[in-house]
Every structure is written in C-alpha cells, then in structure tokens.
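Asks: Provided herewith is a single structure, encoded as structure tokens, for subsequent inquiry.
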Amino acid sequence: MKPIIEIENLLKNYGDVLAVNGISFNVNQGEMFGLVGPDGTGKTSTIRILCGLSNASGGNVTMLDRDIKKDKKFVQKKIGYLSQKFSLYGDLTIDENVEFFANIHDVKDFEQRRNELLNFTRLTPFRDRLADNLSGGMKQKLALACALIHKPQILFLDEPTTGVDPVSRRDFWKILSSLLKDGITIFMSTPYLDEAERCHRVAMMNKGEIIAIDSPKNIKASIKKEVIEFVCKPVRAAYNAITNNSTFDAQLFGDRINVVVDSYEKDINTIERLFNENSVEVSDSRVVTPSLENVFMYLIKEAS
C-alpha cells in the first residue's frame, strides 16, 4: 500500500536555528502516527509544514499523492488540523462555532453532520453554550468537531491533550479510537510518552532529528536493556546515587526509581551497594517492561 504521507529530508530553520533537521519517514493510510518529544524538538514546525501553514526550508512532502508545495489548496481541503491553541470563537455557541467552520470549508447542508459530531463528542446537551463557558476538555472536543466537519482524510493534532484533565484526556482518546475505525489517518504530536503508547507507530524527536521510529513495542525492545524498578526512600538520594556514581540511566516516578541496566543478574549487586553507601532503604524491587520514557531518556543519553 502506498503511504498517504511521504516526507523526505525535511528541513526547517528560523534564522540560525535549525528546528527540523533532515527528517524522513512515511505514514500509512488508517494509521495513528505519533510524533513525540519534549517542547522545542521540532514537532509543531513539522506539523505546520505538513498542513501547508509554513514553508519548508528544504526537502519534499507528498500527501495524498500531491506535492504539498504545488497543490497546497487541494491538500488543505482534505485534511483537518487542531493546533495547540485552536481558535474557537468564545462569543459563539457550540452550534455556531461548528457552523462557522462548515462555512469556511464550504460544507453545504452541514446540519446532519454537525448533529453526528456533537453526539459523537457528547456535546449535544451543551450545543447552546458559549465556547467561553466550556471546560478545557469540552473546548478540545468542540475544536475536534470543527476540524472534522468537512470529513477530512487526514487529521493533524498538535498536542491535543496538553492542559486537559485526566478524565477528558481519556474521553478524547476514546473518540480518536472511534475515528480510526472509520479509516481516518491520524497524525499527532504529544509530549506525553504514555499517550504515544497508543499509536501504531511513533517517531521520537530530539533537537530536530528523529532518534527512533517504529511501533512502541519494537522501540522498547530495540535497546536490549532491562529496567529495574525500586520502591525506596529517600528516593532523591537514590536517584543521585545512581546518576552521580555510575553509568546507569535512572528516572524518577514518584516514590519509585527506574534504573536501566544490561541485566538484573549482572547489575543488581552494584546498585544495591550504591544504595547502601548512600543510606537508601529499598522496600521492593522488580524487573519491569521498559516504557517509552525509559527508552527515550536512554537514547538521548546515548546520543550525547
């Protein structure tokens, strides 16, 4: 199957700052593809280029078999875009906001489609409420309805759940899962690596470059490391003992610390000795499956 998005050696610079540094990858039709990484790694710059909102400094993008530079208007009619700061109109109701975007996309007889989307996003009981009076999660769902009113083939989401409460985040992901069943392609960026686990494939970005791209399962298996999780106190002393006195990579998660090692059998004695030397009390330890966050931090350390 031919990819629905093809990116080749994409570059974007802002003066002397190279935001996107020669990235290349494809996205398949019906796929949920995640671009992940912390702020400032080039995720938004990449999405804006793909949506035709910003010109690339170099490279090529083909979408729906069209060159984005030559057929930008055609491509933009076939995609939906939800930005980090989606421009809802606060003095318009939910109904009026959807109608406004239907008119922008020249959607005729949009009423049935609007009803379907409001039911789909569970906004029907609030359709007469002003956008300014919606919660953060409801605003995101309204923004999604506006982005879907013209039935796009590809939906671009730039950090859609940032600043949204956990319940609304869960609802949002249920909606996205339903969209995939309808065959829509979803391209999203997120700083949340736990969310990226839900994607079919992810591309990890750091400093404008892709440092890993594959399914979450394959990426986690690729480092060929084990992760030991310790429940201990004081946890900050445990973290300092690992990072200051060894070559192991460690991450803090509340009262737990994850340590990336070659193998439990080979390295557990060294870690326990470090903890004893720094008066760290361990109440529990176990080998856990590496998370994408474990892998991401390990890859960044390896590249530095």
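Computed from the coordinates by the stated procedures, all read-outs in this text should not be read as laboratory data. Being a predicted model, the structure only gives us computed values, none of them experimental. Cβ coordinates were reconstructed from backbone atoms using ideal geometry, including for glycine residues, and neighbour counts include every protein chain displayed.
Asks: Using DSSP to call loops (not H, G, I, E or B), can you name the trypsin sites (Lys or Arg not before Pro) in segment 145-242 whose Cβ has at most 10 other Cβ atoms within 10 angstrom?
Replies: When the trypsin sites (Lys or Arg not before Pro) of segment 145-242 are filtered for loop state and at most 10 Cβ neighbours within 10 Å, Lys224 remain.
Asks: Determine the dipole magnitude for the chain: charges of +1 sit on the beta-carbon of Lys and Arg, -1 on that of Asp and Glu, nothing else is charged, the reference point is the Cα centre, and the result goes in debye to the nearest 20.
Replies: Once rounded to the nearest 20, the dipole reads 720 debye.
Asks: Taking the Cβ of Thr190 as the centre, find all other residues whose Cβ is under 14 Å away and add up their charges (Lys, Arg: +1; Asp, Glu: -1).
Replies: Neighbour charge sum, excluding Thr190 itself: -3.
Asks: Please give the FRET efficiency for Lys73 paired with Asp262, using the beta carbon to beta carbon distance and R0 = 51 Å, rounded to the nearest 0.05.
Replies: 0.40
Asks: Tally Lys and Arg at +1 and Asp and Glu at -1 over the other residues with C-beta under 14 Å from the C-beta of Thr46: what net charge comes out?
Replies: Net charge in that neighbourhood comes out at -2.
Asks: For segment 57-70, in order, what is each residue's ³J(HN,Hα) by Karplus, 6.51 cos²θ - 1.76 cosθ + 1.60 with θ = phi - 60°, in whole Hz (x at glycine and Pro)?
Replies: Using θ = phi - 60°, the values come out as 7, x, x, 9, 10, 10, 9, 6, 6, 10, 6, 4, 6, 8 Hz.
Asks: To the nearest 10 degrees, how steep is helix 292-303 against the longest Cα principal axis of the chain, on a 0 to 90 scale?
Replies: Approximately 70 degrees, to the nearest 10.
Asks: Continuing with the same structure: Please report, largest first and rounded to whole Å, the three semi-axes of the ellipsoid equivalent to the chain, where each semi-axis is the square root of five times an eigenvalue of the C-alpha gyration tensor.
Replies: 41, 24, 16
Asks: Can I ask one more? When the chain is modelled as a GNM with alpha-carbon springs shorter than 10 Å, which of Asn55, Asn26, Asn278 fluctuates the most?
Replies: Result: Asn278 has the largest fluctuation of those listed.
Asks: Right, something else. Provide the FRET efficiency to the nearest 0.05 for the Glu116-Asn244 pair, computing r from the beta carbons and using R0 = 45 Å.
Replies: 0.20
Asks: Relative contact order for the chain using alpha-carbon pairs under 8 Å, separation at least 6, rounded to a whole percent?
Replies: Relative contact order comes out at 19 percent.
Asks: Something else about it: Find the centroid of the Cα atoms in segment 255-304 and in segment 204-225, then give the distance between the two in whole Å.
Replies: About 19 Å separates the Cα centre of segment 255-304 from the one of segment 204-225.
Asks: Nearest 5 is fine: what % of DSSP beta bridges in segment 137-222 come out antiparallel, could you say?
Replies: 50
Asks: Oh, and also: With θ set to phi - 60°, apply the Karplus curve 6.51 cos²θ - 1.76 cosθ + 1.60 along segment 147-156 and write out the HN-Hα couplings as whole Hz, x wherever there is a Gly or Pro.
Replies: With the stated coefficients, segment 147-156 comes to 6, 9, 4, 9, 6, x, 7, 10, 10, 9 Hz.
Asks: With both bridge residues required to lie in the chain, what share of the DSSP beta bridges run antiparallel, to the nearest 5%?
Replies: In the chain, approximately 70 percent of DSSP beta bridges are antiparallel ones.
Asks: A follow-up question, please. Between segment 161-199 and segment 15-56, how far is it from one alpha carbon centroid to the other, in angstrom?
Replies: One Cα centre to the other: 18 Å.
Asks: Here is a further query. Could you run the Karplus curve 6.51 cos²θ - 1.76 cosθ + 1.60 with θ = phi - 60° over segment 195-211 and give me ³J(HN,Hα) per residue in whole Hz, x for Gly and Pro?
Replies: Computed from phi, the couplings for segment 195-211 are 5, 4, 4, 7, 7, 5, 9, 9, 10, 8, 10, 8, 6, x, 10, 8, 9 Hz.
Asks: Further question on the same structure: Of Lys174/Lys225; Lys151/Lys220; Lys224/Lys266; Lys207/Lys266; Lys174/Lys224, which ones are farther than 23 Å apart at the Cα?
Replies: Over 23 Å apart, Cα to Cα: Lys174/Lys225; Lys151/Lys220; Lys207/Lys266; Lys174/Lys224.
Asks: Quick one: which residues, 5 or more positions from Leu157 or on another chain, have an amide H under 5 Å from its amide H? H modelled 1.01 Å from N in the peptide plane, none for Pro or chain starts.
Replies: Excluding prolines and chain starts, which carry no amide H, the hits are Leu82, Phe187, Met188, Ser189.
Asks: What is the set of long-range amide H partners of Ile210 at a cut-off below 5 Å, with H atoms built 1.01 Å from backbone N?
Replies: Under 5 Å from the amide H of Ile210 lies no amide H from a residue far enough along the sequence or on another chain.
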